[in-house]
Amino acid sequence: MDLTMEGYSIGVNEAQVMDYQDFLGKYQGEDEYSYPPEKIYDVSVTLKNLGADDTTGINMMDFYISGLAVCADLNIDMYDLANPQLSGQYAIALRKNSELEIHLPFSLWEADYHRKTWNKLEEFEMNLVTTLYPVKQVISLNK
């Protein structure tokens, strides 16, 4: 997989902070996880292959969100729940001129934030980081 995303584009459709239980309700999930996050940053993105060849793709596990002095990783369990059509696949290669909508759930833990920030996470500036090398590419989640 090519970590530069050359030939691909990604756009954020929607980003929202949700309580864990609300996330389960949205995706018809059961509360069966040992250490669930307190909240989830649910980011809907559209990936597009604008002309990359068949050997180029994207590893969704490399994506994370970051803000001032905090970051959050993709939650694998919640990713599988929100994207059943992917059958647990994290490395994705699309055919040329095709696109796919994916939901990226990131775990949020109260201990990682100041109380004032935690109570207003929707207003806290966060970015989706899609590549680090050769150029760091980020997309703002706050519109």
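Could you check, for segment 103-125, whether at least one of its residues is surrounded by 18 or more Cβ atoms within 10 Å (Cβ to Cβ) and within 23 Å of Ala52 (Cβ to Cβ)? Even if it seems obvious, please write down each step before you answer.
Taking segment 103-125 and keeping what is surrounded by 18 or more Cβ atoms within 10 Å (Cβ to Cβ), we get 103-108, 113, 124.
Subset that is within 23 Å of Ala52 (Cβ to Cβ): 103-104.
Taking every residue of segment 103-125 in turn, at least one turns out to be surrounded by 18 or more Cβ atoms within 10 Å (Cβ to Cβ) and within 23 Å of Ala52 (Cβ to Cβ).
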request  = Spot the failing condition for Ile65; the list is (1) buried (at least 16 other Cβ atoms within 10 Å of the Cβ); (2) touching an Asp or Glu at 6+ places or on another chain (Cβ under 7 Å); (3) assigned to a strand (DSSP E or B), and only one is missed.
outcome  = (2)
key: Per-region count, segment 72-102, residues under 12 Å from the mean Cα position of the chain (by Cα) and part of a strand (DSSP E or B)   = 5
inquiry  = Out of everything in segment 68-95 that is touching a Phe, Trp or Tyr at 6+ places or on another chain (Cβ under 7 Å) and under 18 Å from Val138 (Cα atoms), what residue ends up being surrounded by the fewest Cβ atoms within 10 Å (Cβ to Cβ)?
reply    = Asp73
ask   = If we scan segment 113-123, do we find a residue that is in contact with a Lys or Arg (Cβ under 6 Å, 6 or more places away or on another chain) and either assigned to a loop (DSSP other than H, G, I, E, B) or closer than 21 Å to Lys26 by Cβ (or both)?
value = no
ask   = Here are Tyr27, Tyr35, Tyr41, Tyr20: which of them is at pLDDT below 95 and among the hydroxyl-bearing types (Ser, Thr, Tyr)?
value = Tyr35
task = Go through Asp42, Asp62, Asp31 for me and flag whichever is more than 15 Å from Leu128 (Cβ to Cβ) and charged (D, E, K, R).
result = Asp31
message = Going through Ser98, Ser140 one at a time, which residue ends up being touching a Lys or Arg at 6+ places or on another chain (Cβ under 9 Å) and surrounded by fewer than 16 Cβ atoms within 10 Å (Cβ to Cβ)?
response = Ser98
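The values are calculated or read from the model by the stated rules, or taken from the named source; none is laboratory data. All values reported here derive from a predicted model rather than from experimental measurement. Note: ideal-geometry Cβ built from the backbone for every residue, glycine included; neighbour counts use all protein chains shown.
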